[in-house]
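See below for the structure under consideration.
The values are calculated or read from the model by the stated rules, or taken from the named source; none is laboratory data. Here the structure is a predicted model, which is why all the values come from computation and not from measurement. Note that each Cβ is placed from the backbone with ideal geometry, even for glycine, and that neighbours are counted across all protein chains shown.
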Amino acid sequence: MSLWAALINVLAALGFSWARMTIALLISIGFSLCVGIAAAVNQLAEKTIIPILDVLQSIPILSFFPIALYAFISIHPVVGPELAAIFLIFTSQAWNIAFGVYEGVRLIPSEILEVSRSLGFGRWRRIMSVYLPAAFPKIASNLPPSWANGLYFLVACEVITIGEAEWRLFGIGTLSTSYILSGRILEFLMSLAAVVIAIILMNLLVFIPLMRLGERYKFEERAAEVPRVWFEKLSRHLITAIERIFPRRLKLPSIRMPEVRVSPRILKAVALTVVAIAAALLSYHVSSMLSSPLVGEQLLAALDGFVRLGVISPLTMIGFSLMRVSLAIVVALLWTIPMAILIHEKRLLEDILVPFFQIVASFPATLVLPFIAKLIVDLRLPLELGALLMILLGTQWYVLFFLIDGLRGIPLEEEEVCRSLGIEGFSKFRHLYLPRMLPSLIMGCLVAMGGGWNTLVVAERIVLENFTWDVGSPGIGRMLSIAVSRGDLPLLIASTLWMVGFIVVLNRLFWRRIYEKAVEIVGAAR
């Protein structure tokens, strides 16, 4: 194949992958707005939604393969795998955006909420005028890590394998993997360069402008310092050009639509009706499933997975995996906290380093996994070091971007007080930076912990055609990968449920408690 043909092939594959990821990201944003706002403004919804999100963000992407298989691939031989890939990418992008929306709305100053109530804002007006502006900066700051996480698992999403069944989609992930495993280094470097250029353009044209635009919607004075972004300038020039071409007399008259007010009782009745219909359909579906003779066999097969795992073995695997993820987060904190403070204090560095980190974070680490594995083996380094590096590449960016966003919310008055009193160095970190960024720090670690559990299926064991990376020592991600490779659905279900159960306990007893304490320290209220 000539270089021109290879280049066209690479660009086509990149277009397919980018289209899948863009659709999944848009769905993730819509999903996050719905669940994040609901959890932030309603205590009952919060107690239900946040634990579910904690669990879902920690479930490795391999555990969603059976859902993708039975729910999407069976629909159509061509459309089904594409829908399955979009769904799998969605599972790697949505959760941190949802947590970001929840945090943004949760930390709205109480004065803003009191003003909206005193002005008589209805539910819809409060969503559009208060909740969405508060959530927008968090959405914008979480787009780069979400995109990076989608790229991280792009190969797994484009090659859906359960046992001997395999569906390979045309995309940059599968194409790059086939190039490097077949020894076509030049074509692989070409695909890698195309990905890097696309990531740079994505950050410069989309993510960075959105983050700068999000600065205006923060409840601080600093928002006024943000200049117009490129698409605002372009739209302004387009409007000016249209006004010059078409005289004012040709403009259509503005039509004012009558305001339609719906009683809250009617809205509540409609919502209850929809819920009742959905519950009835779900009950019918569940009852029809339970009446099937295959259900008993499936339950027995699932129990067989638990019997084969036992008790000591899964606890040992979870213990090893927890140590790997925890160590990766500690290493991430050692450099992200000083870096976030440095970026906050030096605005010139922010304009340079934030785009750089966004580009680096978006680079798909799985594409260079064979190089990392070969380097570890050739230098005779411990395989655990390679696993730690892979987990770190998939978790550290969550912490960094959450910290940067948390420091942006520090009021200018507090900065001026520290400057006038001469508070600097560790004293400033202790009395200003740490209390103010504590909720973002904890939320970043929570999301990074969930991302770390997800990356275990890559860090502990991954199969790419004839290449297998395996740390050898116990790990729950390694067991999930083995179960998928064998097509052992009972073992996959049992391993996933063991992991989910542990994560629920960990989040309930540790993460949620310290987050609520951090919110109290900052002094935010609903």
* Asked: Can you tell me which residue in region 402-416 is modelled with the highest pLDDT, limited to those that are closer than 14 Å to E215 by Cα and either small (G, A, S) or crowded, with 24+ Cβ neighbours inside 10 Å (or both)?
  -> I404
* Does S495 satisfy the criteria of being surrounded by 17 or more Cβ atoms within 10 Å (Cβ to Cβ), under 30 Å from T174 (Cβ atoms) and not acidic (D, E)? -> yes
* Structure fact -> Note on region 204-227: residues at pLDDT below 60, in a helix (DSSP H, G or I) and either under 19 Å from F357 (Cα atoms) or in contact with a Gly (Cβ under 8 Å, 6 or more places away or on another chain) (or both) are none
* Somewhere in region 126-147, is a residue of a type in the set (S, T, Y), part of a helix (DSSP H, G or I) and in contact with a Pro (Cβ under 9 Å, 6 or more places away or on another chain)? -> no
* Asked: Being within 16 Å of the chain's Cα centre (by Cα) and within 28 Å of N96 (Cβ to Cβ), is that true of even one residue in region 404-411?
  -> yes
* Asked: Among (1) over 30 Å from R117 (Cα atoms); (2) surrounded by 15 or more Cβ atoms within 10 Å (Cβ to Cβ); (3) among the aromatic types (F, W, Y), where does Y515 come up short?
  -> (1)
* What are the residue pairs meeting all of these: first residue in region 7-34, first residue under 15 Å from A193 (Cβ atoms), second residue outside any helix (DSSP H, G or I) and hydrophobic (A, V, I, L, M, F, W, C), Cβ atoms under 7 Å, and 6 or more apart or on different chains? -> A13/F170
* Elements of type helices (runs of 4 or more DSSP H) contained in region 426-526, each with 3 or more residues being in contact (Cβ under 8 Å) with a residue 40 or more places away in the chain and not hydrophobic (A, V, I, L, M, F, W, C) -> 434-459, 476-486, 489-506
* Asked: Hey, among F31, F65, F87, which residue is modelled with pLDDT under 75, within 24 Å of Y152 (Cβ to Cβ) and of a type in the set (F, W, Y)?
  -> F65
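Of all the residues that make up region 19-48, how many are assigned to a helix (DSSP H, G or I) and surrounded by fewer than 16 Cβ atoms within 10 Å (Cβ to Cβ)? Full working, then the answer.
Just the residues of region 19-48 that are assigned to a helix (DSSP H, G or I), to begin with: 19-41, 43-48.
Subsequent filtering for residues that are surrounded by fewer than 16 Cβ atoms within 10 Å (Cβ to Cβ) retains 19, 26, 30, 34, 43-45, 47-48.
Result for region 19-48: 9.
Okay, residues lined up against (1) touching a Ser or Thr at 6+ places or on another chain (Cβ under 8 Å); (2) of a type in the set (G, A, S):
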site	(1), (2)
A328	yes, yes
A332	yes, yes
L348	no, no
V360	no, no
F363	no, no
L381	no, no
E384	yes, no
W397	no, no
* To do: Scan region 177-190 and report the pairs whose first residue is free of Cβ contacts under 8 Å to residues at least 40 places away in the same chain and within 12 Å of N9 (Cβ to Cβ) and whose second residue is in a helix (DSSP H, G or I) and among the acidic types (D, E), with Cβ atoms within less than 6 Å and a gap of 6+ or a chain change.
  => Y179/E187
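A quick yes/no check of all residues on (1) surrounded by fewer than 21 Cβ atoms within 10 Å (Cβ to Cβ); (2) closer than 20 Å to M339 by Cβ; (3) of a type outside the set (G, A, S):
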{"residue": "L421", "(1), (2), (3)": "yes, no, yes"}
{"residue": "R430", "(1), (2), (3)": "yes, yes, yes"}
{"residue": "G451", "(1), (2), (3)": "no, yes, no"}
{"residue": "V457", "(1), (2), (3)": "no, no, yes"}
* **Boolean, A135 is touching a Phe, Trp or Tyr at 6+ places or on another chain (Cβ under 7 Å) and either free of Cβ contacts under 8 Å to residues at least 40 places away in the same chain or buried (at least 22 other Cβ atoms within 10 Å of the Cβ) (or both)** => no
* To do: Considering each residue of region 99-125, count those that are of a type outside the set (D, E, K, R), assigned to a helix (DSSP H, G or I) and under 26 Å from the mean Cα position of the chain (by Cα), and give that number.
  => 6
* Asked: So, in region 165-207, of the ones that are surrounded by 14 or more Cβ atoms within 10 Å (Cβ to Cβ) and polar (S, T, N, Q), which residue ends up farthest from the chain's Cα centre (by Cα)?
  -> S178
* If you go through region 371-409 one residue at a time, how many are basic (K, R), in contact (Cβ under 8 Å) with a residue 60 or more places away in the chain and part of a loop (DSSP other than H, G, I, E, B)? -> 0
